Amino acid sequence: MSADTAIIRTCPHEARINLNYATKGSLADNMAPYWAICRFMRQLDGGTTLDARFPWLAGVDPHPVSEADPVDDDPREQVEVSLYYGTDDDGDYAGKIAPHPDFDLPQDRSMWEPRIHVDGAGERKANFHVRPRYDGMTHVETGNSIPSPFDHPDQPDTGFNVEVQGSNLEPDEYPHWLRCACSALAQALGDDWNSDYFTRPLPTSNIGAHERYVRLSRSIAEKLTRMGGAFQQLAMLLSTQDTSKGAYFWDSGDDHGAMYRLVSHADAASSMIPSHSLGTQAKCYDPEHEHSDPEDPLYHPKFGVLFQRKVSDIRINSDTVAWNRRYNLVEELEERLVNILTWAGIPIAPDALGSSNDSAAAFVEDWHFSPAPTQRDIELFDDPTPEIERSQESMLVRSFQRMTTSDLSLTEQLVADGGRARYDDLAEQSETSETTVYRWLSRMGDAIESQNGVISFNSAHLREQFEEILGRTVTTVENAVDQAVRAADTVLEKDAYQRVPGDPFDSWREKWDAVVDDDGHELHLGSCLPHPDEGLHAPVTAGDVTTDGFEAWRNAGKAPGNFPKRVRWSDASGTEHVEDANTLLRHDPSEAAEQAIEKLARRFRGKDVVDAIEQVRRMIEAGTTWTPEQIQTAVERAGFDIDVEEHAVKTFEIPG
């Protein structure tokens, strides 16, 4: 579900990046920026420290801690730049790479590996370790081979690597700072610096670690870490998945800051959010030393989601993320962080209040994080934990979390109408359009039902819960969310660790809110699901759910012949379907796929090639679940000679 209201943006924290470069030219010219930095080292007798002002990168807002210094209407950040040699434990120059035989260098001495360190506003900082690279590198002392990406036949023979570590910078700011630092050093020396240097990293460049975070008020952060909270619920869910690996660590901080960490393997990512593929570490943590003043941002904990390959002894990702996929990485981390907040019952609007009992904000500004809306297309997903998902209390929470101000008015009107009203009457009484009513129905999820134009609550219990909450002093959506979470808290905490799993069919029924009618002839699915013939690009259809239910029925020891004969369910638009169970069980996905691809091909027919290419790019950028192969088949049937894979790649390439 895509959110229609503002969603909190995240701020970057730590990062580890490897950038590989090679300028175009001769053997040595491929390393021109490296030679230029070495020249600076010689001219400065081994290094220097200087003050400079870096322009803020376009698209990055100055951080709260920064004192933007307008220079020709160009905001700049005061920084300190240091250039120096790295040394080993004995004080000798670090680095053991022997020079290439064609380099005009002493062959018995290692090549230099300059370091550049930049300190910016607050805790913004970056370390750049610049290292030469060439095909067939060897150790200057042992002669042993030193492997690198430049050994590969599809890569340049020579170049250089920049190992980056830093914090509180967006990924694109690191090469920007490196360019600015070298330009400042060149300017101080009266030397030249080519503005094209460090602008085009090679495809072998990658990100080894990156974290996004928000700072939460101390009281609301407890919803993540308390007994039965989001971290423990997710740990319980993921521990039941086949092939899943992970861990839940906690340190309540007796004499230091508290730290809670939920580590999940890449294989478990799709169990939380279907489109996700990265292993992460979700962290809620205080500074190392305790802060007692509520006015101090450090009194309040950070909540972050960190991508890295390994945590302690647990490998959670098999590889790094390619540099040209950095925006996808940032979006997945932000989307997961925001969804975990919603699953914990924490409001996600930038100006949300932490509690209806006081005026404290849910999010706390610090030196780098400021509560503001994200510009990314973040999608909100239902809580994946089956313990919470099946409860009507969580239905209540999710409904309020998705609400806009107009949704609140419509819900109040439905309560005033006794919990049942025609959609056109509801629109008229609420002084809104029927289109707005349909959008409200979609956002309310399973809490509201629509049949033959009549809208009602899912159950009398839910109607009473909505009526009770809306009858209190609720003036904003955020107040309503908090009241709904409070109503659910007792049930969720009491139930979290005391449930006894039933037989396989009972577990399946609870997962899909399914009910078998009294005579055993009809099965009602409580979840909104597409019809198999119309849901090719959906992760789950009514056919898939029915097949799983039949398997659970047999695993529970029930006679296959006694399985209900009919299945009844509604799709996301509210349309009710009734299908013979055998038809759903015999459903041929390949035949449905063929029909759906033909339907997609009809959407391309009649377009010119420019419009067809634009539609392909929009489908890919929107995160469609159509595969490139399926889109390729459809456009070819429509008569176009379009390479879908090419446009899929271009969608994620960033010029320069």
message: Which order do the peptides 446-453, 575-582 come out in when sorted by mean C-beta neighbours inside 10 angstrom, highest first?
response: 446-453, 575-582
task: Please report, in cubic angstrom per residue, the volume enclosed by the convex hull of the alpha-carbon atoms of segment 73-222.
output: 204 Å³
- request: Sort the following peptides by mean Cβ neighbour count (other Cβ atoms within 10 Å, averaged over residues), highest first: 299-312, 101-114.
  value: 299-312, 101-114
message: Under 25 °C and 0.890 mPa s, how fast does segment 260-320 diffuse according to Stokes-Einstein, given a Kirkwood radius computed over C-alpha pairs? Answer in µm²/s, whole number.
response: 188 µm²/s
query: Based on the Kirkwood radius over alpha-carbon pairs, what is the Stokes-Einstein translational diffusion coefficient of segment 543-587 at 37 °C with 0.692 mPa s viscosity, in µm²/s?
result: 294 µm²/s
- prompt: Charges only on Cβ, +1 for Lys and Arg, -1 for Asp and Glu: so what's the dipole of segment 117-263 about the Cα centre, in debye to the nearest 20?
  reply: 700 debye
statement: Toy charge model, Lys and Arg Cβ at +1, Asp and Glu Cβ at -1: segment 128-210 dipole around Cα centroid in debye, rounded to 20, equals 100 debye
Per residue accessible area in Å² of segment 151-299, where ligands, DNA and RNA are left out and the probe is 1.4 Å: 43 Å²
message: Highest mean first, how do 266-274, 127-135, 597-605 rank when packing is the count of other Cβ atoms within 10 Å averaged over residues?
response: 127-135, 266-274, 597-605
query: Normalised by the number of residues in segment 197-317, what is the relative contact order in percent for Cα pairs under 8 Å and 6+ residues apart?
result: 28 percent
- prompt: Share of segment 148-280's accessible area from carbon and sulfur, percent, 1.4 Å?
  reply: 45 percent
field: Size of charge dipole - segment 190-253 - debye, nearest 20, with Cβ of Lys, Arg +1 and Asp, Glu -1, no other charges
entry: 500 debye
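The values are calculated or read from the model by the stated rules, or taken from the named source; none is laboratory data. In this text, all values refer to a predicted model and were calculated from it rather than measured experimentally. Quick reminder, even Gly has a Cβ in these numbers, built from the backbone with ideal geometry, and neighbours come from all protein chains shown. Just so you know, the surface numbers come from the protein's heavy atoms only, side chains and all, with ligands and any DNA or RNA stripped out. Shrake-Rupley method; radii C 1.70, N 1.55, O 1.52, S 1.80 Å.
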